[in-house]
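Okay, structure first, notes after.
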Amino acid sequence: MSQFVSYPSAAFPAPPALGVDAPDGWSALVVENTVLAVGLPSEPGVFTPNVCVSVSRVPGIHELDESVHSVVSAYEALDDFAEIGRESREVFGRPGFRIEGSFGMPSVGAVYQAAHLTVVQQGTVTHVINAVATCAAPQAPELVPVLRAILDSLRGVDERGVDEPGLDEPGAEEPVSA
């Protein structure tokens, strides 16, 4: 006897659908291991400023603090990481975390990077949402406010990309029945 297992389903809920507001001139990017990315097209040989959003599925209940520890540890492990700031803050309409800093990137040089994290518990899994904004250090004076605004615009949308009221509100992650 066999059983049919599918995705999405109660055992494997789909992650939240996400959207951001990208300024004029920015374009959608297809980036490996992301569900959503936007970038500011640049000249050949110039770093493309970008915001990339990834969603990771973790079995069971996964607390925000676990993801924060993992991301902070990764940054702190970089030899030349210079932290600009960190705080607990709302991300995707729920408790979250922000860290910003700079470090060297091979073939690019110094970069500014900001990461926003939150978790969405959905039935049998937790989806970890990690939105990361990056630009080359010389681009930072002009682009940091733009990158922060894009990160702050992260929200839930429906399958057509239309704002989904309540999707990004805490408590909206109703358990999925089996």
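Just a yes or no: is a residue in segment 58-79 surrounded by fewer than 19 Cβ atoms within 10 Å (Cβ to Cβ), among the hydroxyl-bearing types (Ser, Thr, Tyr) and in contact with a His (Cβ under 8 Å, 6 or more places away or on another chain)?
No, that holds for no residue.
Within segment 27-58, work out how many residues are over 22 Å from ALA140 (Cβ atoms) and not in a strand (DSSP E or B).
Here is the first cut: in segment 27-58, the residues over 22 Å from ALA140 (Cβ atoms) are 28, 30, 32-33, 35-36, 54-58.
Still in the running and not in a strand (DSSP E or B): 30, 32-33, 35.
Total meeting the criteria: 4.
If we scan segment 144-154, do we find a residue that is modelled with pLDDT of 95 or more and assigned to a strand (DSSP E or B)?
In the first step, residues of segment 144-154 are kept if they are modelled with pLDDT of 95 or more; the result is 144-154.
Then keep just the ones that are assigned to a strand (DSSP E or B); that gives none.
So far as segment 144-154 goes, no, none of its residues is modelled with pLDDT of 95 or more and assigned to a strand (DSSP E or B).
Any residue in segment 86-114 that is touching a residue at least 60 places away in the same chain (Cβ under 8 Å) sitting within a Cβ distance under 6 Å of a residue that is surrounded by fewer than 17 Cβ atoms within 10 Å (Cβ to Cβ)? List the pairs, counting only those 6 or more apart or interchain.
Hits for this filter: GLY93/GLU169; ARG94/PRO170; VAL111/MET105.
Yes or no: segment 70-77 includes at least one residue that is farther than 22 Å from LEU154 by Cβ, among the hydrophobic types (A, V, I, L, M, F, W, C) and touching a strand residue (DSSP E or B) at 6+ places or on another chain (Cβ under 8 Å).
Looking only at segment 70-77, we keep the residues that are farther than 22 Å from LEU154 by Cβ, and these are 73, 76-77.
Still in the running and among the hydrophobic types (A, V, I, L, M, F, W, C): 77.
Now restrict to residues that are touching a strand residue (DSSP E or B) at 6+ places or on another chain (Cβ under 8 Å): none.
Checked segment 70-77: no residue is farther than 22 Å from LEU154 by Cβ, among the hydrophobic types (A, V, I, L, M, F, W, C) and touching a strand residue (DSSP E or B) at 6+ places or on another chain (Cβ under 8 Å).
Are there any pairs, at least 6 apart or on different chains, whose C-beta atoms fall under 9 Å, with the first in segment 141-154 and under 14 Å from ALA37 (Cα atoms) and in contact (Cβ under 8 Å) with a residue 40 or more places away in the chain and the second of a type in the set (Asp, Glu) and buried (at least 18 other Cβ atoms within 10 Å of the Cβ), and if so, which?
LEU154/ASP168
Going residue by residue through segment 84-94, is there one that turns out to be in a loop (DSSP other than H, G, I, E, B) and either modelled with pLDDT under 95 or surrounded by 14 or more Cβ atoms within 10 Å (Cβ to Cβ) (or both)?
First, the residues of segment 84-94 that are in a loop (DSSP other than H, G, I, E, B): 92-93.
Next, only the ones that are either modelled with pLDDT under 95 or surrounded by 14 or more Cβ atoms within 10 Å (Cβ to Cβ) (or both) stay: 92-93.
Yes, the conditions are met somewhere in segment 84-94.
The values are calculated or read from the model by the stated rules, or taken from the named source; none is laboratory data. This is a predicted model, so every value here is computed, not measured. Cβ: placed from backbone, ideal geometry, glycine included. Neighbour counts: every protein chain shown.
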